[in-house]
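Quick notes on the structure that follows.
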Amino acid sequence: MFPAESPSHTFRPLSLLQSLLLLQALGRGLGRASPAGGPLEDVVIERYHVPRSCPREVQMGDFVRYHYNGTFEDGKKFDSSYDRSTLVAIVVGVGRLITGMDRGLMGMCVNERRRLIVPPHLGYGSIGVAGLIPPDATLYFDVVLLDVWNKADTVQVSILLRPPHCPRMVQDTDFVRYHYNGTLLDGTTFDTSYSRGGTYDTYVGSGWLIKGMDQGLLGMCPGERRKIIIPPFLAYGEKGYGTVIPPQASLVFHVLLIDVHNPKDTVQLETLELPPGCVRRAKAGDFMRYHYNGSLMDGTLFDSSYSRNHTYNTYIGQGYIIPGMDQGLQGVCIGERRRITVPPHLAYGENGTGDKIPGSAVLIFDVHVIDFHNPADPVEIKTLSRPPESCNETSKLGDFIRYHYNCSLLDGTRLFSSHDFGAPQEATLGANKVIEGLDTGLQGMCVGERRQLVVPPHLAHGESGARGVPGSAVLLFEVELVSREDGLPTGYLFVWHKDPPASLFEDMDLNKDGEVPPEEFSSFIKAQVNEGKGRLMPGQDPEKTIGDMFQNQDRNQDGKITAEELKLKSDEDQERVHEEL
């Protein structure tokens, strides 16, 4: 890597030879005869433009490319490379140039401009060049240096920016995507990928690139910026390339690496956060809900579930998503955060997709697993605590129960709680009044027992969800059984603890007028409940239940019950059996 000169210095210090030449020039009037009228003894060098940065100076044996105008003392031009539209490309200091030019180019920087005054004995001497340069002519050259290199040069790499996170570095046989600006050593642009609106995509170390670029890309990280200087013999050499890269040209590339992968790569996994107590890991066939941010390797975001405020829901291991994600999501825990790096052959391949994922792009997914389940999963029941006293009876189908609950998603998002209403929830088990998974989880409990229930969506609110509950959500309940009452058989609103009275209608007809109005019916039923002779369906308003019983017995709906109308449900059921027989 070449050291850069401090920007506070406008001119570089002259070498001893250049200082002597300049003093000599000043003493002789910048190349004209000395006061004594003597001739110049050496080349006079006037550095009238010196670039602020000069990573290297011309030395003997270097190969240079430069433009020049050649004139006599009176200003008459005798030669110019500009007129031929061809740079001079030659090795200096080995006798291929006139001695004055060899000496005058020493120590020169790229883009430096010099005026050289060459005395006759360091130019074409007393002979001159027939028809072009007369004998004993002092020559004046205005020179601009455009390139310098040496056969001993190697590729020069300067790291301009390296990202803090480097998942991998470029190696031979890797496939890379990168942007670049290509210039000649003097800064002339010859090509840029940015103008084409797409990266340059190629293999490294496989003959697809010039040798210098193959070398210069090695060890790069995605997101890294480099300056790569390539000598001609590791670039396009003596032939150059078309009209944009001259022969024997050094090339400078400013490169930004977008991504890198190898056709042999597999999915790379990195656990970012693993919650404690992972009792189950996802496997093929599970249905998963997860959030993700999807980015390219250079950090460009191409998609995010968070922007839609909705999880991505899918089966894994069954071909519903790209192969890399199918593989990368297996083995995760609920609540885990995982980074999944997917090479293009396991993502969208050479063609990419849409306008956000280019061809041959490596994709990085930062995933947060919300929950997963399998369609065959039952309710998971975990007892948190039991009452210390023995429990002879537990909740069963048909029982009327009161219970407290907290309900949340598996990521901890709180949904509902009975404590918000200040009273326990009531339900009759098996009456389809609560979701199936909760109904199942509440069975077999002792009063005072606390449980944790994990209810898969097919036993909860399914794919569609419910108000406040996302579709396909696994629900977590913490439940406590507060009370339990034996339920009634299906279809019954009231049952007798023993056989009903033989004179049921007479006992019910309190004023003995042969009719039982609603008031007498209600008073009679309440008295049976208070005396412990029967019980109403639990969990409903007694007045409503008694009203429904009256309506069932008032066959002709005239507002009173007669002896002919009054029938026990057991007798009705028996009559119905006989009718069916």
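The values are calculated or read from the model by the stated rules, or taken from the named source; none is laboratory data. Since the structure is predicted, the reported quantities are computational estimates derived from the model, not experimental observations. Glycine gets a Cβ as well: all are built from the backbone with ideal geometry, and neighbour counts include every protein chain shown. SASA here: full protein model, heavy atoms, side chains in, ligands and nucleic acids out. Shrake-Rupley method; radii C 1.70, N 1.55, O 1.52, S 1.80 Å.
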message: On a straight-distance basis, which aspartates and glutamates could pair with residue 151 in a cross-link, Cα separation under 17 angstrom, same-chain partners fewer than 8 positions away excluded?
response: 57, 62, 238
task: Compute from the Cα atoms of region 436-574 the Rg and the Dmax, the latter being the longest Cα-Cα distance, and quote both in angstrom.
output: 21.0, 62
- request: Could you order 513, 147, 83 so the one with the most accessible surface comes first? Probe is 1.4 Å.
  value: 83, 513, 147
field: Lys/Arg +1, Asp/Glu -1 at C-beta; the chain dipole; positive extreme among 528, 408, 334
entry: 334
task: Could you tell me which of the pairs 396/569; 76/239; 76/227; 382/533; 396/526 are separated by over 32 angstrom between their Cα atoms in the structure shown?
output: 76/239; 76/227; 382/533
message: What is the percent carbon and sulfur in the accessible area of the chain, measuring with a 1.4 Å probe over the protein chains and ignoring ligands?
response: 52
query: Hey, which aspartates and glutamates would be in cross-link range of residue 264, C-alpha to C-alpha under 16 Å, not counting anything within fewer than 8 residues on its own chain?
result: 172, 174, 350
- request: Against the globular-protein guess of 2.2 N^0.38 Å, express the Cα radius of gyration of the chain as a ratio, rounded to two decimals.
  value: 1.91
field: Debye, to nearest 20: dipole size of region 415-539, +1 on Lys, Arg Cβ, -1 on Asp, Glu Cβ
entry: 500
statement: Probe 1.4 Å, all chains present, heavy atoms only: residue 133 accessible area in Å², nearest 10, is 10
Karplus 3J(HN,Hα) series, Hz, for region 69-78 with 6.51 cos²θ - 1.76 cosθ + 1.60 (x for Gly, Pro): 10, x, 9, 8, 4, 7, x, 6, 7, 10
- prompt: Which ³J(HN,Hα) values, rounded to whole Hz and listed in residue order, are derived for region 273-279 from phi using the Karplus coefficients 6.51, -1.76 and 1.60 in 6.51 cos²θ - 1.76 cosθ + 1.60 with θ = phi - 60°, glycine and proline given as x?
  reply: 7, 10, x, x, x, 7, 9
P(r) tail fraction, region 298-338 - alpha-carbon pairs more than 16 Å apart, %: 52
query: Looking only at Cα atoms, what is the convex hull volume of region 413-474 per residue, in Å³?
result: 107
query: For q = 0.10, 0.17, 0.22 Å⁻¹, what log10 I(q)/I(0) does region 134-257 give under the Debye formula with an equal point scatterer on each alpha carbon and no solvent?
result: -0.36, -0.88, -1.37
- request: Could you list the trypsin sites (Lys or Arg not before Pro) in region 167-271 that lie in coil according to DSSP, counting only those with at most 15 other Cβ atoms within 10 Å of their Cβ?
  value: 239, 264
Farthest toward positive dipole pole in the chain [+1 Lys/Arg, -1 Asp/Glu at C-beta], among 537, 237, 318: 237
message: What percentages make up the Cα-Cα pair-distance distribution of region 260-390 when the bins are 10 Å wide from 0?
response: 12, 39, 30, 11, 5, 2, 1
field: Built amide H within the under 5 Å cut-off of residue 482, gap 5+
entry: 402, 403, 404, 448
- line: Cross-link reach from residue 433 to aspartates and glutamates, straight Cα distance under 15 Å and at least 8 residues apart if same chain, gives 399
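Helix-only mean residue ellipticity at 222 nm, the chain, DSSP H runs n ≥ 4 weighted -39,500 (n - 2.57), per residue, nearest 500. What is it?
Estimated from H runs of four or more residues: -4000 deg cm²/dmol.
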statement: Scoring region 409-504 by relative contact order with C-alpha pairs under 8 Å, at least six apart, yields a percentage of 25
message: Limiting things to C-alpha atoms, what are the Rg and the maximum Cα-Cα separation (Dmax) for region 140-182, in angstroms?
response: 17.7, 58
query: Given +1 on the Cβ of Lys and Arg, -1 on the Cβ of Asp and Glu, and no further charges, what dipole in debye does region 51-124 carry about its Cα centre, rounded to the nearest 20?
result: 180
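Report relative contact order for the chain in percent, whole number only (criteria: Cα-Cα under 8 Å, sequence separation at least 6).
8
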query: Per residue, what accessible area does the chain have, given a 1.4 Å probe and all protein chains present, in Å²?
result: 52
- request: Arrange the peptides 411-417, 74-80 so that the one whose residues have, on average, the most other Cβ atoms within 10 Å appears first.
  value: 411-417, 74-80
statement: Given 401-409, 44-52, the highest-first ranking by average Cβ count within 10 Å works out to 401-409, 44-52
field: Listed residue (471, 144, 417) projecting farthest to the positive dipole end of the chain, Cβ model
entry: 144
- request: May I ask for the distance between the Cα centers of region 342-379 and region 307-336, given as a whole number of Å?
  value: 7
Two-decimal Rg/Rh across region 37-155, once Rg and the Kirkwood Rh are taken from alpha-carbon atoms: 0.97
